[in-house]
Amino acid sequence: MNAKPFLDTNVIIYAFSSNDPRNTRAAALLEGGGVISVQVLNEFANVSRRKQGRSWDEVLDALGVLKVLLDPPRPLTAELHEAAVEIARDRGISIYDSLIVAAALRAGCSILYSEDLHHGQAIEQLTIRNPFID
């Protein structure tokens with residue numbers, strides 16, 4: 001079992017959004033270390049560019065910070081995709097959220113920090129926690 005939590009994309013985005021009230025909590029989670037996947041990196045880059053209007057230099061700087069603070073990102077593989085499809089089918093979760101869950105499970109994490117899934121939900125050894133609710 002991996003003692004480090006898996007961080008969903010929204011946590012990473014808020015950690016780099018100083019004008020968001022969730023920034024302090026998200027930054028603390030990021031600084032505490034954790035696990036992400038290549039999907040999280042892709043989603044972060046996409047949101048940073050398209051929704052937040054960050055330059056590529058800003059995005060690359062943030063990606064560099066993630067490389068320092070977090071474990072190496074878990075790859076997207078055909079095996080991970082197959083596991084995610086099963087989770088999506090069995091749990092009624094979107095395929096993209098299921099890819100996050102499958103990556104967290106494959107990494108052996110016991111906690112997934114996300115606001116996109118049901119707080120307190122358990123999937124195998126993984127418990128979903130929304131770090132932004134009191």
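Each reported figure results from applying straightforward, stated rules to the coordinates on display, with no laboratory input. Model, not experiment: these values are computed from the prediction. Positions of Cβ are backbone-derived with ideal geometry, glycine not excepted, and every protein chain shown enters the neighbour counts.
A few comments on the model shown:
- In region 1-39, residue farthest from E124 (Cα to Cα) [restricted to those that are in contact with a Gly (Cβ under 7 Å, 6 or more places away or on another chain) and among the hydrophobic types (A, V, I, L, M, F, W, C)]: L7
- Close contacts from region 35-49, counting a first residue that is surrounded by fewer than 16 Cβ atoms within 10 Å (Cβ to Cβ) and a second that is assigned to a helix (DSSP H, G or I), with Cβ to Cβ under 8 Å and a gap of 6+ residues or different chains, come to R49/W56; R49/V59.
- In region 12-33 there is no residue that is under 13 Å from L99 (Cβ atoms) and either touching a residue at least 12 places away in the same chain (Cβ under 8 Å) or surrounded by 15 or more Cβ atoms within 10 Å (Cβ to Cβ) (or both).
- Apart from one condition, G53 fits all of (1) free of Cβ contacts under 8 Å to residues at least 40 places away in the same chain; (2) within 22 Å of I128 (Cα to Cα); (3) not aliphatic (A, V, I, L, M); the exception is (2).
- 2 or more residues basic (K, R): qualifying helices (runs of 4 or more DSSP H) within region 1-119: 38-50, 78-91
- Selected residue (only one of I128, I100, I123, I111 is under 20 Å from K4 (Cβ atoms), surrounded by 13 or more Cβ atoms within 10 Å (Cβ to Cβ) and touching a Pro at 6+ places or on another chain (Cβ under 7 Å)): I111
- For the condition of a type outside the set (D, E, K, R) and either under 15 Å from the mean Cα position of the chain (by Cα) or surrounded by 15 or more Cβ atoms within 10 Å (Cβ to Cβ) (or both), L60 does not qualify.
- Failed criterion for R91 (all others in (1) of a type outside the set (A, V, I, L, M, F, W, C); (2) under 15 Å from V40 (Cα atoms); (3) surrounded by 13 or more Cβ atoms within 10 Å (Cβ to Cβ) hold): (2)
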